[in-house]
Number of protein chains: 2
Amino acid sequence: MTFAFRILGTDGAARAGALRLPHGAVETPAFMPVGTHGTVRTLSPQDLAAARVQMILANTYHLHVRPGEDVVAALGGLHRFMAWDRPILTDSGGFQVFSLEGYRRVDDDGVEFRSPVDGSRRRLTPERAVDVQWALGGDVAMAFDHVVPGDATHEAAADALGRTTRWLERAARHHRDMVANRPHHQALWPVVQGAGYLDLRRRALDEVLELGDWSGIAVGGLAVGESKTVTLGVLEALEPAMPRSIPRYLMGVGFPEDLLAAVARGMDLFDCVAPTRNGRNGSAYTPDGPINIRNTAHRRDAAPLDDTCDCEACRTYSRGYLRHLFMADELLGLRLLSLHNVRFLTRLLSEARQHIRAGAFAPWHREWIDRYTARGLA
Amino acid sequence: MTFAFRILGTDGAARAGALRLPHGAVETPAFMPVGTHGTVRTLSPQDLAAARVQMILANTYHLHVRPGEDVVAALGGLHRFMAWDRPILTDSGGFQVFSLEGYRRVDDDGVEFRSPVDGSRRRLTPERAVDVQWALGGDVAMAFDHVVPGDATHEAAADALGRTTRWLERAARHHRDMVANRPHHQALWPVVQGAGYLDLRRRALDEVLELGDWSGIAVGGLAVGESKTVTLGVLEALEPAMPRSIPRYLMGVGFPEDLLAAVARGMDLFDCVAPTRNGRNGSAYTPDGPINIRNTAHRRDAAPLDDTCDCEACRTYSRGYLRHLFMADELLGLRLLSLHNVRFLTRLLSEARQHIRAGAFAPWHREWIDRYTARGLA
């Protein structure tokens with residue numbers, strides 16, 4: 001089986017597993033850095049491999065508007081284009097179309113929007129999103145969904161959910177036609193929407209599960225501004241009803257503490273721009289919470305960012321030097337903090353996997369959070 | 001001997017040599033990338049090592065105003081600070097003080113200027129420049145000089161030259177006192193000034209050679225806007241009178257074609273921001289001349305930047321992908337083109353060394369330039 005998932009251990013709702021994809025295996029829980037334009041900002045594929053990244057996410061919307069999926073396909077597909085030979089998941093473009101600024105018009109067929117690159121009118125539909133992702137050639141494609149803001153009304157969320165389900169049916173049909181010609185090339189995963197409304201979330205999950213025998217399932221529309229109580233409430237409501245035998249991907253999460261909270265609630269895969277974006281802003285994760293490298297306290301600090309870390313930044317440089325790079329606007333600083341933050345998350349989830357398999361996740365989780373939050377989070 | 005230079009071969013005026021410095025050996029002719037703020041912009045020390053860089057230059061002026069030589073010294077000196085354990089040359093700060101915008105007042109004692117970082121008044125003198133560079137801890141320090149623009153009058157150039165010679169005497173005395181306490185730590189090299197006036201250049205060289213038994217000598221104040229005829233004329237006038245037994249460093253050069261022209265005229269060491277600055281602007285050297293990676297012609301081009309090159313950019317990526325990185329303002333693109341351009345120059349000088357030692361420099365030089373300029377240079 002090109003697409004397979006095996007549970008290697010559980011502890012409460014938390015799961016440690018192994019996901020097989022066309023471009024290799026992924027141990028879960030796993031974090032996917034975001035390569036918006038077919039590159040994880042500031043990092044090379046060698047950097048990602050050194051940070052033990054197993055799988056990345058690329059943004060269909062961004063690659064569609066520039067350079068265009070035709071260019072990516074002509075240059076050998078996304079793996080070859082960006083020289084990353086391990087698993088890639090592409091999002092559907094739905095989140096970007098609905099969250100980015102600018103003109104858009106939604107109808108039941110799809111969404112019309114204006115390209116921010118050249119101003120041209122573009123259209124994404126469930127079928128087009130499958131086609132674009134097929135051309136990009138990631139291991140996993142996502143079904144095109146209608147994403148609503150975290151504070152959407154029940155009515156708006158229900159309306160978007162109805163549309164998402166109808167679109168899923170069309171995407172699945174189109175994807176089956178593609179796969180008939182080239183089997184095992186790319187999986188299509190559905191997205192469970194429904195904002196913070198538990199009744200809509202349960203309905204969404206039921207409808208998704210009725211529509212196919214999926215090799216993975218995503219929970220979307222969270223971490224978009226709602227409170228953490230709502231986020232975790234949705235995960236707790238969905239978890240018992242989600243199939244145990246396939247990986248569960250929580251989109252857009254996130255921060256170290258949020259990753260562990262979601263792992264505790266049975267989620268397996270994650271993506272977020274936070275480690276690289278925060279890194280470029282000078283914020284570095286440490287076991288004692290994030291630090292801002294620009295802080296004057298680090299001016300003559302000979303210690304590494306994080307003395308438990310094995311990344312290039314921590315093995316090579318003092319906080320004093322890293323601070324200097326940021327004060328002098330040197331690009332190497334952006335890269336080193338991005339690299340460290342990504343490695344911090346891959347190490348965190350590697351430890352989580354070990355503790356789940358040892359049946360010791362809960363106490364480790366508690367201790368880890370106690371230390372991470374002892375100084376108070378920014 | 002910690003500081004030693006050995007000629008390994010000559011061909012006409014061109015020389016191939018081996019320079020020994022406290023942090024290692026340098027085969028000459030050699031190009032030093034510029035690490036303005038204690039980092040070669042976008043490149044890590046690992047990148048530099050991969051590009052076979054033997055020695056880098058760091059800017060005393062920039063490191064003095066930020067983070068301050070006291071911070072660099074507290075963090076172990078420049079080598080440890082920036083994690084580069086091979087030779088470093090620091091310039092004297094003279095060029096920056098005289099060429100950067102803003103307030104400055106010159107008198108015979110030194111130069112007063114305003115820090116662009118915090119607006120504070122600072123003073124550089126021949127002694128202070130020695131002290132600052134001693135604190136930074138590079139292998140080679142440069143004597144503080146009065147640099148004039150390329151179009152300076154004979155009178156202005158003669159005045160600055162007189163001052164440069166008096167400053168050199170003071171710098172040399174101060175440096176001897178430092179070395180008495182910690183021998184073989186750092187060499188001090190003088191700079192031959194005199195703008196484009198051959199009489200002043202000859203006088204400068206005479207005065208420099210009278211003042212000490214130097215382990216290296218620099219030619220400064222060229223490549224600052226004068227015509228190439230003037231630059232090469234100065235080198236041709238100086239070459240027969242320069243000691244053969246020490247390395248000759250031509251400051252601020254350069255472009256591939258200029259490096260070879262200077263090697264042909266007996267110069268051994270070079271520095272310039274061009275490969276990294278041009279790289280960040282999307283300009284990449286190739287054996288057929290520079291190309292602009294943003295050009296639409298590269299949109300679907302699966303070829304590497306330079307199919308003769310062994311750098312990470314050329315071994316890994318298509319021109320189409322590199323163009324995409326630049327069009328999407330992705331930082332990885334800046335790094336990859338900088339890396340390629342630096343590697344291009346180290347390969348160029350490595351080939352020059354081989355051809356000098358084989359007594360075949362002149363015909364190789366001619367062929368190389370013919371190909372490089374066949375399409376016309378930008």
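Quick notes on this one:
- Span per principal axis, largest first, for the Cα atoms of the protein assembly as shown (Å): 91, 57, 43
- Per-residue [θ]222 nm for chain B (sum of -39500 (n - 2.57) over DSSP H runs n ≥ 4, rounded to 500): -13000 deg cm²/dmol
- Chain B residue with Cβ closest to the axis mapping B onto A, distance in whole Å: B:Leu331, 3
- Accessible area per residue for segment B:176-264 is 40 Å², calculated with a 1.4 Å probe on protein heavy atoms, without ligands, DNA or RNA.
- Helix A:198-210 vs. chain A, principal-axis angle (Cα, 0 to 90°, nearest 10): 60
- Solvent exposure of segment B:65-173 amounts to 39 Å² per residue of accessible area, where only protein heavy atoms count and the probe is 1.4 Å.
- For A:Ala50 and A:Ala180, the FRET efficiency from 1/(1 + (r/R0)^6), where r spans their Cβ atoms and R0 equals 56 Å, is about 0.90.
- Among the GluC sites (Glu not before Pro) within segment A:30-130, those in coil by DSSP and having at most 13 neighbouring Cβ atoms inside 10 Å are A:Glu101.
- Extension gain for the segment B:Val230 to B:Arg202, taken as residue separation times 0.36 nm less the Cα-Cα distance, is 8.7 nm to one decimal.
- Between B:Glu239, B:Glu210, B:Glu312, the residue with the greatest mean-square fluctuation in the GNM of chain B (Cα pairs under 10 Å linked by springs) is B:Glu210.
- Per-residue average of Cβ from other chains inside 10 Å of B:64-75: 4
- Among the residues of segment B:3-43, those with an accessible-area drop of 20 Å² or more from chain alone to full protein complex, heavy atoms and 1.4 Å probe, are B:His37, B:Thr39, B:Arg41, B:Thr42.
- Distance from the C-alpha centroid of segment B:308-378 to that of segment B:64-101: 28 Å, rounded to the whole angstrom.
- Whole-percent carbon and sulfur share, accessible surface of chain B, 1.4 Å: 49
- Ascending list, in nanometres, of distances separating the A:Gly9 label from those of the other copies (7 Å, Cα toward Cβ): 6.0
- Buried between A and B is an accessible area of approximately 3300 Å², summed over both sides with a 1.4 Å probe.
- Centre separation in Å (Cα based) which lies between segment B:1-48 and segment A:236-258: 55
- B:Trp134 exposes around 40 Å² of accessible area when a 1.4 Å probe is run over every protein chain in place.
- Interface residues, segment B:335-359 - accessible area loss of 20 Å² or more versus chain alone, probe 1.4 Å: B:Arg335
- For chain A, the C-alpha radius of gyration divided by 2.2 N^0.38 Å, with N the number of residues, is 0.97.
- Average accessible area per residue (Å²) across segment B:337-378 - probe 1.4 Å, nucleic acids and ligands excluded: 47
- Where Rh is the Kirkwood radius over Cα pairs, Rg/Rh for segment A:200-265: 0.95
- A:Ile7, A:Ile291, reordered so the largest accessible area comes first (probe 1.4 Å): A:Ile7, A:Ile291
- Listed as lacking a disulfide-compatible partner in chain B: B:Cys272, B:Cys311, by the criterion of no other cysteine Cβ under 4.7 Å.
- The local environment of A:Asp145, defined by Cβ-Cβ distances under 10 Å, has a net charge of 0 under the rule Lys, Arg +1 and Asp, Glu -1.
- For segment B:264-362, alpha-carbon Rg over 2.2 N^0.38 Å: 1.16
- For segment B:114-176 versus segment A:151-213, the gap between their alpha-carbon centres in whole angstrom: 70
- A probe of 1.4 angstrom, applied to the heavy atoms of all protein chains, finds A:Asp11 with accessible area near 40 square angstrom.
The values are calculated or read from the model by the stated rules, or taken from the named source; none is laboratory data. Values in this document were obtained by computation on a predicted structure and should not be read as measured data. Note: ideal-geometry Cβ built from the backbone for every residue, glycine included; neighbour counts use all protein chains shown. Protein only, heavy atoms only, side chains kept; ligands, DNA and RNA dropped before computing areas. Shrake-Rupley method; radii C 1.70, N 1.55, O 1.52, S 1.80 Å.
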